[in-house]
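Take a look at the structure below.
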Amino acid sequence: MDKNMTLEKRIDAELYSYQGRMSVFVDDLQGHTVERGADEEFETASVIKAFLLAALYLQAERGKADLSAEIEYEASQFVDGSGMLRALGVGARLKVKDTATMMIICSDNIATNMLIDYLGLDTINACIRELGFAHTVLHNALHFDRQLGTTTPRDYASLLAQMARGTLVSKAASVEMLAILRQQHYNTMLTKDFPQYYLDCEETGAPELLWVASKSGSMNACRNDGGIVHTPYGEYVIVLMNKDFHDIIEYNDHPAIVYGARVSRMILDQVLACEGKLWLD
């Protein structure tokens, strides 16, 4: 019996009554993957910001970007939506690394546009291609009347897997990017059904048994999340991308979040039961 298909069929059964389309890619980083629509194209929403972060670190590695340089928030970079830079106002100056951190941890849209202007759209896309993500494109700066980007679950999972292995740009760059993604605030789809005690041990002072380094993204047409999940047996990568749902309003009990959280918990339980793998060899 094909054990991999067994897990895929369990995911299909969980999603049978979901009124939407979810694609799934899971990699236990030990040679096993689960794939459900892994090569289907999705709008990225803010998931593209993880690719932008990788492009920034690639350019910094080459001396073509300076993480400690300061850049200024200009009026042309204003966009509504998530983030904190709106509260600071035009003219605020931030270091490039701090701008990138804001782009990830609170999904700051203005910070995203600042970095797109700093690196250049063509340069970013050239870096994305060079890093091996052939089906990922940043189409425009972030404005809600334009398509931002497109990708596939496989491309996003590849980025995360390289980061987890320390091979995305370089070992040092991977460590820094992972530290930024661990601070990201919006990971409800991945963690909503996780045992919260093990995610946050501040009350006991014990080390966290589970942690997530991730970047999500939501727009009217998509609900996406992907990340590296750390367990006592090591890490695995999970990417969930949703489209063709009926309710465009964003809220924590949106069907994409509810069903995504169920699939995420199913994968966590499987990895824990198999002590770090998706299935036993």
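The values are calculated or read from the model by the stated rules, or taken from the named source; none is laboratory data. Keep in mind that what you see is a predicted model, and the values were worked out from it rather than measured. Glycine gets a Cβ as well: all are built from the backbone with ideal geometry, and neighbour counts include every protein chain shown. The accessibility values were calculated without ligands, DNA or RNA, using every heavy atom of the protein model including side chains. Shrake-Rupley method; radii C 1.70, N 1.55, O 1.52, S 1.80 Å.
R10 to K171: extension gain in nm, 0.36 nm per residue of separation minus the Cα-Cα distance?
54.4 nm
In a shell of Cβ-Cβ distance under 12 Å around E61, excluding E61 itself, what net charge do Lys and Arg (+1) and Asp and Glu (-1) give?
Taking every other residue near E61 into account, the sum is 0.
Of the options Y259, L209, V229, report the single residue whose Cα projects farthest towards the positive end of the charge dipole of the range 199-281 (beta-carbon charges: Lys, Arg +1; Asp, Glu -1).
Y259
Accessible area per residue for the range 133-231 in Å², computed with a 1.4 Å probe and the full protein assembly in place, what is it?
Ligands and nucleic acids excluded, the result is 42 Å² per residue.
For G149, which sequence-distant residues (separation of 5 or more, or a different chain) have an amide H within less than 5 Å of its own amide H, given hydrogens modelled in the peptide plane?
Residues meeting the criterion, in which the H sits 1.01 Å from N, are T44, A45, H139.
Could you calculate the FRET efficiency of R93 with A134 from 1/(1 + (r/R0)^6), where r is the beta carbon distance between them and R0 is 51 Å, rounded to 0.05?
It comes out at approximately 0.90.
Per residue of the range 209-222, in order, report the coupling 6.51 cos²θ - 1.76 cosθ + 1.60 (Karplus, θ = phi - 60°) as ³J(HN,Hα) in whole Hz, putting x for Gly and Pro.
Each residue's phi maps through the Karplus curve to give 7, 10, 8, 10, 10, 8, 8, 9, x, 9, 9, 3, 8, 8 Hz.
By the scheme Lys and Arg +1, Asp and Glu -1, what is the net charge of all other residues having a beta-carbon under 15 Å from that of E14?
+3
Rounded, prolate or oblate: which fits the range 162-253 when a ≥ b ≥ c are the square roots of the eigenvalues of the alpha-carbon gyration tensor, with rounded for a/c under 1.5 and prolate only if a/b beats b/c? Before the final figure, lay out each step's value.
Working: a/c = 2.35, a/b = 1.30, b/c = 1.81.
Since a/c reaches 1.5 but b/c is at least a/b, the shape of the range 162-253 is classed as oblate.
Work out the length of the dipole vector of the chain about its Cα centre, built from +1 on the beta-carbon of each Lys and Arg and -1 on the beta-carbon of each Asp and Glu, and round it to the nearest 20 debye.
That gives a dipole near 280 debye.
Tell me which GluC sites (Glu not before Pro) from the range 180-277 have a DSSP coil assignment and no more than 15 other beta carbons within 10 Å of their own.
Here the sparse-neighbourhood loop sites are E202, E203, E208, E250, E275.
Counting other Cβ atoms within 10 Å of each Cβ, which chymotrypsin sites (Phe, Trp or Tyr not before Pro) in the range 174-281 have at most 14 and sit in a DSSP loop?
Y233, Y251
To the nearest 10 degrees, how steeply does helix 96-105 sit against the main Cα axis of the chain, on a 0 to 90 scale?
Helix 96-105 and the main axis of the chain meet at about 40 degrees.
Taking the Cβ of D244 as the center, what net charge do the other residues with Cβ under 15 Å away carry, scoring Lys and Arg +1 and Asp and Glu -1?
Here the charged neighbours net out to 0.
Lysines near K171 by alpha-carbon distance under 23 Å, same-chain residues fewer than 8 away left out - which ones?
Counting by Cα, and skipping residues close in sequence, K171 has these lysines nearby: K49, K64, K95, K97, K215.
Rounded to the nearest 0.05, what FRET efficiency do H185 and I249 have when you use their Cβ-Cβ distance and R0 = 25 Å? Working shown, then result.
On the way: r = 20 Å, r/R0 = 0.79.
After rounding to 0.05, the efficiency reads 0.80.
If each DSSP helix of 4+ residues adds -39,500 (n - 2.57) and the sum is divided by the residues in the chain, what number results at 222 nm, nearest 500 deg cm²/dmol?
Computed mean residue ellipticity for the chain: -11500 deg cm²/dmol.
Label the range 1-94 by shape, choosing from rounded, prolate and oblate, from the square roots a ≥ b ≥ c of the eigenvalues of the Cα gyration tensor; if a/c is under 1.5 it is rounded, and otherwise prolate applies when a/b is larger than b/c, oblate when it is not. Don't skip to the answer; put the middle values down first.
Values: a/c = 4.27, a/b = 1.99, b/c = 2.14.
Since a/c reaches 1.5 but b/c is at least a/b, the shape of the range 1-94 is classed as oblate.
Loop only per DSSP, at most 11 neighbouring Cβ atoms within 10 Å: give me the chymotrypsin sites (Phe, Trp or Tyr not before Pro) in the range 4-60, ordered by residue number.
Passing sites in the range 4-60 are Y16.
Over what distance in Å are the Cα centres of the range 112-157 and the range 1-59 separated?
19
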